[in-house]
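Structure first, commentary second.
Read the figures in this text as sums done on the coordinates, not as results from a lab. Note that the coordinates shown come from a computational prediction; the quantities given were computed from them, not determined experimentally. Backbone-built Cβ (ideal geometry, glycine too); neighbour counts: all protein chains shown.
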Amino acid sequence: MLEVTQSEYGFVGEMHQDGDGNPFLRTFAISNIAWNDETRALFEKYKASGLEFRNLNTLFGAAIKTQSTVIANDASRHPEANRTPPGHPPLNHFLGLPIKLCNEMVGLLGMANRPGGYTGEIAR
């Protein structure tokens, strides 16, 4: 998906719910974009079982909450963009694509930093 969209990095994740019914995302494929020693160690520890993302106040969280495609070609201006962890790699352009099965969101594809940004045509 990164090669096809010419994206710098991305992930594929599966939707889950905790005991209280709150949705979260568990990745099962993610680019190694570790941006410091701490995140590199975290990536290495969980790359086989998947990283869990429970904070949905993010660009990918916007796709989960709306269950809709999110395109943010000026990611710094998107209200959810300021919630990336300190030291996160640059996030200039973002595309979040919900994966649905029988109208239920079961996963999410997320890609970042395609030169020139993303379009609805790419999202199809």
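Pop out the Kirkwood hydrodynamic radius of the chain from its pairwise C-alpha distances, inverse of mean 1/r, in Å to one decimal. Working shown, then result.
On the way: mean 1/r = 0.0677 Å⁻¹.
Kirkwood hydrodynamic radius for the chain: 14.8 Å.
Across the options 109, 75, 48, the greatest Cα extent toward the positive end of the charge dipole of the chain (unit charges at beta carbon of Lys, Arg, Asp, Glu) belongs to 75.
Computed from phi, the 3J(HN,Hα) profile of region 51-66 under the Karplus parametrisation 6.51, -1.76, 1.60 (θ = phi - 60°) reads 7, 9, 10, 9, 7, 9, 8, 9, 5, 5, x, 4, 5, 5, 5, 8 Hz, with x in place of Gly and Pro. Neighbour counting of Cβ atoms within 10 Å sorts the residues 119, 69, 58, 5, fewest neighbours leading, into 119, 69, 5, 58.
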